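For reference, the structure discussed in these notes is given below.
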Amino acid sequence: MTQVRFGHAGPEDAEAVANVVGTAFCDLDVAKWLVPDPVERAKILPAQFVILAEHAIRYGTVLLTVERDAAAVWFPKDGTPIPPPRDYDARLATACGAWTDRFHTLDELFDAHHPAKPHQHLALLAVLPGRQGKGVGSALLRYRHEQLDAAGESAYLEASSLQSRALYLRHGYEPHGEPFAVPDGSQLWPMWREPR
């Protein structure tokens, strides 16, 4: 198994995190619904994800590999509210243009299905296509899960493909309610992990 070196991302790493996530998510069914044109999608996704990366670096936990080929973005949902991203609506419109309403729809779906019980939210786990299947994502999960287990904290996520769902099942997540879908029928699978 490949050795995985990573650390906590700082503000200067937000764009690198967004590029990893945008590239890794570009061919997901939900991403294809968000921005149907592949050329536009490859530009819009990193621009949109940088908003979330900056926000998580400030208020959550963001792990980034030294090689900048994988990232994990976590937000605390422990009962202490965090503010929304600064100028979110305006920045989203600038990043997403004609597709902004679809990103708002996805945000609303996530909010509607998000559990109220305290947890840490794995908002994004992304590995560049050429590095997938080599244990990189698993290494980022194991590191964070050890912290959560020690603190007695649960974790929640929305798997965006059957492949990622299978990965999370192997790491102790279980289905949490029914899958939900964006308007074209592309599904997301809510999952929950109790501390060990």
Self-check item: Residue under evaluation residue 58, criteria (1) under 23 Å from residue 183 (Cβ atoms); (2) under 17 Å from the mean Cα position of the chain (by Cα); (3) surrounded by fewer than 16 Cβ atoms within 10 Å (Cβ to Cβ), criterion not met
Solution: (1)
Quiz item: Do we have residue 116 as aliphatic (A, V, I, L, M) and at pLDDT 95 or above here?
Solution: no
Exercise. Residue by residue through the range 1-19, note down the ones that are part of a loop (DSSP other than H, G, I, E, B) and at pLDDT 95 or above.
Key: 9, 10
Quiz item: Of the residues that make up the range 127-143, is at least one modelled with pLDDT under 95, under 29 Å from residue 89 (Cβ atoms), of a type in the set (Gly, Ala, Ser) and not in a strand (DSSP E or B)?
Solution: no
Quiz item: Can you find a residue in the range 70-77 that is among the charged types (D, E, K, R), surrounded by fewer than 16 Cβ atoms within 10 Å (Cβ to Cβ), within 18 Å of the chain's Cα centre (by Cα) and modelled with pLDDT of 95 or more?
Solution: no
Quiz item: Just one of 62, 30, 73, 39 is in contact (Cβ under 8 Å) with a residue 40 or more places away in the chain, in a helix (DSSP H, G or I) and not aromatic (Phe, Trp, Tyr); which is it?
Solution: 30
Self-check item: Residues of the range 149-168 classified as under 17 Å from the mean Cα position of the chain (by Cα) and either crowded, with 19+ Cβ neighbours inside 10 Å or under 24 Å from residue 60 (Cβ atoms) (or both), total
Solution: 12
Quiz item: Which of the residues belonging to the range 106-116 are surrounded by 14 or more Cβ atoms within 10 Å (Cβ to Cβ) and either out of contact with any strand residue (DSSP E or B) (no Cβ under 8 Å at 6 or more places or on another chain) or hydroxyl-bearing (Ser, Thr, Tyr) (or both)?
Solution: 106
Exercise. Within the range 180-196, work out how many residues are surrounded by 17 or more Cβ atoms within 10 Å (Cβ to Cβ) and either part of a strand (DSSP E or B) or touching a Pro at 6+ places or on another chain (Cβ under 6 Å) (or both).
Key: 7
Quiz prompt | Candidates 137, 177, filtered to the one that is surrounded by 20 or more Cβ atoms within 10 Å (Cβ to Cβ), out of contact with any Phe, Trp or Tyr (no Cβ under 8 Å at 6 or more places or on another chain) and under 29 Å from residue 35 (Cα atoms) | solution = 137
Quiz item: Is the range 79-93 home to any residue that is in contact with a Lys or Arg (Cβ under 9 Å, 6 or more places away or on another chain), crowded, with 16+ Cβ neighbours inside 10 Å and not in a loop (DSSP other than H, G, I, E, B)?
Solution: no
Quiz prompt | Conditions (1) out of contact with any Gly (no Cβ under 7 Å at 6 or more places or on another chain); (2) under 21 Å from residue 30 (Cβ atoms); number of the one not met by residue 125 | solution = (1)
Self-check item: Filtered residues of the range 118-174 (kept if touching a strand residue (DSSP E or B) at 6+ places or on another chain (Cβ under 6 Å), among the charged types (D, E, K, R) and closer than 25 Å to residue 68 by Cβ)
Solution: 158
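The values are calculated or read from the model by the stated rules, or taken from the named source; none is laboratory data. These figures come from a predicted structure and were not determined experimentally. Ideal geometry is used to build each Cβ from the backbone, glycine not excepted, and the neighbour counts take in all protein chains shown.
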